[in-house]
Amino acid sequence: MNAINKQGLAAPKRFALPFSPSLKTREAIAAYIFLAPFLIFFSIFFVRAAISSVEISFYDWRLLRPTRPFVGLDNYVDLINDPIWWGSVRNTVYFAAMTVTGTTILGLAAAVAVTRPIRGQGFYRILLYIPQLMSVGAIGLIWNWLLSGQFGVINYLLSFFGVRPINWLGDPNLVLPALSLATIWWTFGFPMLIFIAGLQGIPEHLYEAAKIDGANGRQIFFRITLPLLRPTILFVTVTGVIGHFQVFGQPYIISGGGGPGRSSYTVIIYLYQQAWVAFRMGYGAAVAVVIALIMAAITSVQFLLISRRVEY
């Protein structure tokens, strides 16, 4: 029954929600509201595009031909039987492995160096990060000049040590390491910033306790710093593989579209040639789907290997 107030009238019932959301639930709702614009655009321009790519890959979809017959898995069969495709996969895996390893090691070393209490710490951080801000076109022109077999700066410096000129971009065995070197110099700044954040998140009392116990710098790094950075290393390597597996600008600009021959031909150059030069959109969509599956498989293996022993 309703409560009776002083005037003898029944007090109206207060409206009550069927449930009282907790603070955590309210924060989650607010977070999804703020994320809604991104999720909408992501669904329209990525998820929908990915679904359309899968659908197009089952058709002989050519840009300049009005008919688009259904071919089923023929595009995938042609891709599997193409030796040029497998050569591009081998080159890309080789390049990505070298580059991710180099950027991870160099980024971690730079992060450790600039997190020490040294004079001009902020200046060194900015100086090391500057190459990350440059465009791939600028990087391509700079390293094309540095790696030139005749007038390159690197060969000029090596000549002081009696080393004969090396044809960095003309030797099939050297072109991918040369491109990887250029990419490491260009992109190690981002892993450096991530490692700086990870290093700053390690509790200082762990280092103090280790020093009291008599641990030296090498023991502190391998027993405390490195284990506690495993989540950061996982993030850096996963994002690095995804980014460097999609390499296009460096081999296209520096080595002239994947040369010499096809020794620096990557999967994205192969995709570009099939879809935007030969206008085989259906086949190009199949290539894109397979590339996505390869990156998903490599990422899954990384999670299994690195996240198995994560320290918190």
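Remarks
- In this structure, Val71 does not satisfy being within 24 Å of the chain's Cα centre (by Cα), crowded, with 18+ Cβ neighbours inside 10 Å, among the β-branched types (Val, Ile, Thr) and farther than 30 Å from Pro172 by Cα.
- Filtering the stretch 250-265 for residues that are among the aliphatic types (A, V, I, L, M) and surrounded by fewer than 16 Cβ atoms within 10 Å (Cβ to Cβ) leaves an empty set.
- Unique match (being surrounded by 14 or more Cβ atoms within 10 Å (Cβ to Cβ) and within 15 Å of the chain's Cα centre (by Cα)) among Met281, Met295: Met295
- Screening Ala215 with (1) closer than 19 Å to Val236 by Cβ; (2) modelled with pLDDT under 90; (3) not charged (D, E, K, R) gives one miss only, at (1).
- Verdict on Ile84 being loosely packed, with under 15 Cβ neighbours inside 10 Å and either of a type in the set (Lys, Arg) or part of a helix (DSSP H, G or I) (or both): yes
- For the stretch 149-184, the set of residues classified as surrounded by 18 or more Cβ atoms within 10 Å (Cβ to Cβ) and either under 30 Å from Pro227 (Cβ atoms) or of a type in the set (Gly, Ala, Ser) (or both) consists of Gly152, Ala178, Ser180, Leu181, Ala182, Thr183, Ile184, listed by residue number.
- Extreme residue, farthest from Gly102 (Cα to Cα), among residues of the stretch 186-226 that are of a type in the set (Gly, Ala, Ser) and under 29 Å from the mean Cα position of the chain (by Cα): Gly201
- Qualifying residue in the stretch 253-269 (condition: in contact with a strand residue (DSSP E or B) (Cβ under 6 Å, 6 or more places away or on another chain), of a type in the set (Gly, Ala, Ser) and either under 30 Å from Thr67 (Cα atoms) or at pLDDT 90 or above (or both)): no
- Matching entry among Arg48, Arg65 (being within 28 Å of Ala285 (Cα to Cα), assigned to a helix (DSSP H, G or I) and modelled with pLDDT under 90): Arg48
The values are calculated or read from the model by the stated rules, or taken from the named source; none is laboratory data. Given the structure is predicted, the values throughout are model-derived calculations rather than measurements. Reconstructed Cβ throughout: ideal geometry from the backbone, glycine too, with neighbour counts over all protein chains shown.
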